[in-house]
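Data first, discussion second: the structure below is written as structure tokens.
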Amino acid sequence: MDKVRRVAVIGGGWSGLAAALELAESGCRVELFDAAPQFGGRARRLEIVLGDRRYPLDNGQHLLIGAYRETLGLMRRVGVDPDTAFIRQPFALRYPDGFELKAARLPAPLHLAAALLSARGLPWAARWAMVRAVEDWKRAGWRAELTLSAGSLVAALPAVLIERVWEPLCVAALNVRLHEASAQVFLTVLRDSLGADRAASDLLLARADLSSLLPDAAHSALRARGAPVHLRTPIQRLYRSDDGWRLVGRSSDTTHDAVVLALPPDRAADLLASVPDAERLVPAITQLRAVQFAPIATVFLRYVTGTRLPHAVSALVEHNDRQHFGQWVFDRGALDPRCDGVISVVVSARGPHQSLGHPELAAAVAAQMMSLFALPKPLASRVVEDKRATIVPAPGLQRPPTQLPCDGLFLAGDAADSPYPSTIEGSVRSGLAAARALIG
């Protein structure tokens, strides 16, 4: 760079933090703006009241894997040691009824071969069908037609594989069901996890809340580098001037050489639409407004101290006719002693549960836990729901490129084109990509 550039990053989620850190380390004068009262976006700490106690939980339950290399690398850069921040265990799909598919601590691909050999509840015909399918995907270079859905990709496989393996993995990784998801995005996730080395498929279970994994340390690192950070500071309009990009908010008016929009697609579209006389941005705005969103609800249930589930994380089978809406359950007390007696149950994607109010949904999930684990009625419950928690990675989804057709304007986060789904790793990769494109 010819000079130290003034860069504004709008959005303090994991993508915005990644972009800001990368830019600050490159020598840019970075200023970070976020409308929320704390950093972290959809992966941050909440103080949740359950009865007469407050717990450091999260605004959504996330499951990380060993393939999240950019996320783990960024954590190390800000002084967070993943080896102590996570409980690392081999990939495993476990259900309360005894179904189990658990990888061994062996080099790839022996770790998955051992999982199939030792699987419980999976007929041999289904095991061989899974081997053939994975080999077919490998030979195809983990590539699929862009208009193909993940549901169509696996449609010919045995029903038990779809119900117990591919559907829960799709919901966990892409936050939508198979029929809504892009086959290509699904295959990309499988390539980087189950199709890579053994460590890539490991499950990483956070020992504490999500803010402690990156946002808190990233905030401190930015301040240590002299980068101003502004919370509760929404940016409402963008203007192009001779001096650069002018950012106008309710209580702010600053000018920068470049801007990174690390925002959800709809919010990014609103800001781009505020740019006067920017006809070149119309195609990007149109694409951003066409992006669909999927909901995620997390049901927190508090039981007596010492209540434990058989495993720290288990998959669940949905039965809408029984109001069994939960898809994954986490024993928070097994991960963080401060949350002893608390379990969290994830309900992702659209479904009939959306017709219920929060008390009714919590009661249905509590009944599901009673049926599956013989748990008593919980002492307290709380539902945290985000109806626009994640984008739908639909077949043929089109989003604008990272570098927009206006000098000094970049996209990150869910708004930018990416081969990855709307996850923590996808967010971090997108933020780093925007920063690196800006630096040149």
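For the subset of segment 380-403 comprising residues that are of a type in the set (Ser, Thr, Tyr) and assigned to a strand (DSSP E or B), which member is most open to solvent (accessible area, probe 1.4 Å)?
Ser381
Any residue at all in segment 46-57 that's outside any helix (DSSP H, G or I), among the acidic types (Asp, Glu) and surrounded by fewer than 18 Cβ atoms within 10 Å (Cβ to Cβ)? Before the answer, list the steps.
Step one: of segment 46-57, the residues outside any helix (DSSP H, G or I) are 46-57.
Restricting the remaining residues to those that are among the acidic types (Asp, Glu) gives 47, 52.
Filter again for surrounded by fewer than 18 Cβ atoms within 10 Å (Cβ to Cβ), leaving 47, 52.
So far as segment 46-57 goes, yes, one or more of its residues are outside any helix (DSSP H, G or I), among the acidic types (Asp, Glu) and surrounded by fewer than 18 Cβ atoms within 10 Å (Cβ to Cβ).
Going by the structure shown, is Ala334 open to solvent by 10 Å² or more (accessible area, probe 1.4 Å), modelled with pLDDT of 95 or more and farther than 19 Å from Lys377 by Cα?
yes
Among residues belonging to segment 404-440 that are among the acidic types (Asp, Glu) and either modelled with pLDDT under 95 or over 21 Å from Gly66 (Cβ atoms) (or both), point out the one that is least open to solvent (accessible area, probe 1.4 Å).
Of everything passing the filter in segment 404-440, Asp414 is least open to solvent (accessible area, probe 1.4 Å).
Of the numbered conditions (1) of a type in the set (A, V, I, L, M); (2) in a helix (DSSP H, G or I); (3) within 19 Å of Gly426 (Cα to Cα); (4) in contact with a strand residue (DSSP E or B) (Cβ under 9 Å, 6 or more places away or on another chain), Val165 fails exactly one; give the number of that condition.
(3)
Out of curiosity, is Pro352 open to solvent by 10 Å² or more (accessible area, probe 1.4 Å), in contact with a helix residue (DSSP H, G or I) (Cβ under 6 Å, 6 or more places away or on another chain), under 27 Å from Pro421 (Cβ atoms) and in contact (Cβ under 8 Å) with a residue 12 or more places away in the chain? Explain how you work it out, then say what you get.
Working: open to solvent by 10 Å² or more (accessible area, probe 1.4 Å): yes; in contact with a helix residue (DSSP H, G or I) (Cβ under 6 Å, 6 or more places away or on another chain): yes; under 27 Å from Pro421 (Cβ atoms): yes; in contact (Cβ under 8 Å) with a residue 12 or more places away in the chain: yes.
Answer is yes for this residue.
Any idea how many residues of segment 355-379 are of a type in the set (S, T, N, Q) and surrounded by fewer than 21 Cβ atoms within 10 Å (Cβ to Cβ)?
So the answer is 2.
How do the pairs read when you match residues in segment 359-387 that are free of Cβ contacts under 8 Å to residues at least 60 places away in the same chain with residues anywhere that are in a strand (DSSP E or B), using Cβ under 7 Å and keeping only pairs 6 or more apart or on different chains?
Gln368/His324
Which one of these is touching a helix residue (DSSP H, G or I) at 6+ places or on another chain (Cβ under 8 Å), farther than 26 Å from Gln236 by Cα and assigned to a helix (DSSP H, G or I): Glu70, Glu22?
Glu70
So which of Arg198, Arg191, Arg223 is at pLDDT 95 or above, closer than 26 Å to Arg88 by Cα and surrounded by fewer than 21 Cβ atoms within 10 Å (Cβ to Cβ)?
Result: Arg191 is the single residue among Arg198, Arg191, Arg223 that is at pLDDT 95 or above, closer than 26 Å to Arg88 by Cα and surrounded by fewer than 21 Cβ atoms within 10 Å (Cβ to Cβ).
Quick one: is Arg127 assigned to a strand (DSSP E or B), surrounded by 14 or more Cβ atoms within 10 Å (Cβ to Cβ) and basic (Lys, Arg)?
Working: assigned to a strand (DSSP E or B): no; surrounded by 14 or more Cβ atoms within 10 Å (Cβ to Cβ): yes; basic (Lys, Arg): yes.
Here the answer is no, as Arg127 does not meet what is asked.
The values are calculated or read from the model by the stated rules, or taken from the named source; none is laboratory data. From a predicted model like this one, the values you see are computed outputs, not experimental measurements. With ideal geometry, Cβ positions are generated from the backbone for all residues, glycine too; neighbour counts draw on all protein chains shown. For the accessible areas, the whole protein counts, side chains as well, though only heavy atoms, and no ligand, DNA or RNA atoms are used. Shrake-Rupley method; radii C 1.70, N 1.55, O 1.52, S 1.80 Å.
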